[in-house]
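Asks: Before we start, here is the structure in question, set down as structure tokens.
Computed from the coordinates by the stated procedures, all read-outs in this text should not be read as laboratory data. These figures come from a predicted structure and were not determined experimentally. As a convention, Cβ positions derive from the backbone with ideal geometry for all residues, glycine included, and neighbour counts pool all protein chains shown.
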Amino acid sequence: MFHPSYHNVELSEEEFRLLRDFIHERFGLYFEDSQRASLRARLAGRLQGRDRASFEDYYHYLRFGPQRQEELSHMVSHLTNNETYFYREMPQLQVFADHVLKQLKDKKTREGGRSLRILSAGCSTGEEALSLAMIVYDSAQFFWNWDVQVTGLDVDDAALDKARRGVYHQNSFRALSPALLERHFVRQGTSAQAKEGVRKVVSFRQGNLLEPASFSGLDPMDVIFCRNVLIYFSDAATLRAVRQFHDLLRPGGYLFLGHAESLSRVTDMFTPIRFQGAMVYQKPERL
């Protein structure tokens with residue numbers, strides 16, 4: 001079947017609203033009216049991938065096509081921004097290292113606990129999850145018989161494949177000091193792989209932040225990082241995701257959002273704690 005260039009196919013207002021509402025319902029991502037051209041550009045290649053003649057045809061395939069689940073995985077990788085790198089937004093990580101880990105260690109020691117659970121929600125290609133594992137390792141507070149687990153969760157299977165390999169190139173290391181690079185990575189030509197000691201405490205799983213099943217089987221979390229993800233969500237979708245985090249966190253657990261993200265107009269479920277250069281949200285110890 002002959003089609004004109006898929007990148008020239010128009011996205012009508014009606015098609016835009018159909019796709020936008022579907023994407024918002026399924027993934028929480030929200031495209032404003034002014035972003036119609038952006039959505040068309042992001043999805044034009046998927047018309048070719050599924051040999052669809054129009055965006056309406058593609059929408060119906062997402063709803064009813066025989067391989068719709070596979071296509072949803074392909075589609076979402078075109079909708080999300082996987083820009084990330086090691087030790088991103090260092091002021092927050094400094095609060096995590098200097099304050100949060102110490103408070104958790106002291107609390108667990110008092111209570112007789114020996115486990116630490118951390119979630120990187122929207123982990124993309126894994127740099128954040130591995131950074132958190134490195135910070136825990138370098139804190140020297142959780143050795144010996146401590147059980148430390150960092151979980152990375154993302155909706156994009158392609159990004160997770162890279163995360164599981166743990167091999168990164170120079171762009172991922174732009175905020176990493178030579179000393180940290182040497183301590184935690186093994187060079188492989190122009191790339192480097194995270195050392196086994198760090199990778200063994202990190203696992204990755206596919207999941208949607210809006211679906212409770214994505215968190216099934218996870219232990220209660222002490223800390224959740226979800227940074228630079230909710231900026232793409234509507235307030236309603238943000239509330240759905242944050243409720244999942246609230247349920248998953250232990251009492252007294254901590255939630256880190258991106259520096260441009262806030263819960264102030266969304267919910268009062270968490271107590272905001274202001275540090276120099278960073279805001280952290282804490283789940284109350286008791287309701």
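Asks: I'd like the residue in segment 89-98 that is touching a residue at least 40 places away in the same chain (Cβ under 8 Å) and surrounded by fewer than 16 Cβ atoms within 10 Å (Cβ to Cβ) and, out of all such residues, is nearest to the chain's Cα centre (by Cα).
Replies: 90
Let's see how each residue does on (1) in contact with a strand residue (DSSP E or B) (Cβ under 9 Å, 6 or more places away or on another chain); (2) buried (at least 19 other Cβ atoms within 10 Å of the Cβ); (3) at negative phi:
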{"position": "213", "(1), (2), (3)": "no, no, yes"}
{"position": "219", "(1), (2), (3)": "yes, no, yes"}
{"position": "228", "(1), (2), (3)": "yes, yes, no"}
{"position": "240", "(1), (2), (3)": "yes, no, yes"}
{"position": "248", "(1), (2), (3)": "yes, yes, yes"}
{"position": "253", "(1), (2), (3)": "yes, yes, yes"}
{"position": "257", "(1), (2), (3)": "yes, yes, yes"}
{"position": "260", "(1), (2), (3)": "no, no, yes"}
{"position": "265", "(1), (2), (3)": "no, no, yes"}
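Asks: Where the second residue is surrounded by 15 or more Cβ atoms within 10 Å (Cβ to Cβ) and assigned to a loop (DSSP other than H, G, I, E, B) and the first is without any contact (Cβ under 8 Å) to a residue 24 or more places away in the chain and lies in segment 136-151, which pairs have Cβ atoms under 7 Å and are six or more apart or on separate chains?
Replies: That search, which allows pairs on different chains as well, returns nothing.
Asks: Restrict the check to segment 99-111 and report whether at least one residue is touching a residue at least 12 places away in the same chain (Cβ under 8 Å) and outside any helix (DSSP H, G or I).
Replies: No, there is no match, as no residue in segment 99-111 is touching a residue at least 12 places away in the same chain (Cβ under 8 Å) and outside any helix (DSSP H, G or I).
Asks: Pull up segment 267-283, narrow it to residues that are touching a Pro at 6+ places or on another chain (Cβ under 7 Å) and either of a type in the set (Lys, Arg) or in a loop (DSSP other than H, G, I, E, B) (or both), then point me to the one that is nearest to residue 221 (Cα to Cα).
Replies: Filtering segment 267-283 for residues that are touching a Pro at 6+ places or on another chain (Cβ under 7 Å) and either of a type in the set (Lys, Arg) or in a loop (DSSP other than H, G, I, E, B) (or both), the one nearest to residue 221 (Cα to Cα) comes out as 283.
Asks: Related question: Could you list all residues from segment 236-266 that are in a loop (DSSP other than H, G, I, E, B) and either within 13 Å of residue 121 (Cβ to Cβ) or touching a Leu at 6+ places or on another chain (Cβ under 6 Å) (or both)?
Replies: 258, 261, 266, listed by residue number.
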